[in-house]
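Read-outs: derived from the displayed coordinates by stated rules, not from any lab. What you see is a predicted model, and the numbers here were worked out from it, not measured in a lab. Virtual Cβ from ideal backbone geometry, glycine too; neighbours counted across all protein chains shown.
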Amino acid sequence: MKRKEKLSEYRGASEEHLQLSLLELEKHLFHLRFQASTDRLETPSEIRKAKRDIARILTIQKQRAAAKTAKKE
């Protein structure tokens, strides 16, 4: 999936879905790091992809939180 497709998917998702995706990606990153430490990781680029997806979700969550506080003021 391309970056723009993921961004539009994440932006259209609910808060609960984003939170579940974030937890899933963090678990996946943990397993990838574990595989890397035991030299069983086949594609090292998967770690970078997982980190970027986590950052995308966190960014969208922060943007939504900032928009909510801006509405209140």
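In the stretch 43-57 there is at least one residue that is in contact with a Phe, Trp or Tyr (Cβ under 8 Å, 6 or more places away or on another chain) and assigned to a helix (DSSP H, G or I).
Restricted to the stretch 34-51, and to residues there that are surrounded by 13 or more Cβ atoms within 10 Å (Cβ to Cβ) and of a type outside the set (A, V, I, L, M), the residue that is nearest to the chain's Cα centre (by Cα) is LYS51. Given the criteria hydroxyl-bearing (Ser, Thr, Tyr), under 10 Å from the mean Cα position of the chain (by Cα) and in a helix (DSSP H, G or I), does THR69 qualify? In short, no. Looking at the stretch 3-33, which of its residues are outside any helix (DSSP H, G or I) and either β-branched (Val, Ile, Thr) or loosely packed, with under 11 Cβ neighbours inside 10 Å (or both)? Within the stretch 3-33, SER14 is the sole residue that qualifies.
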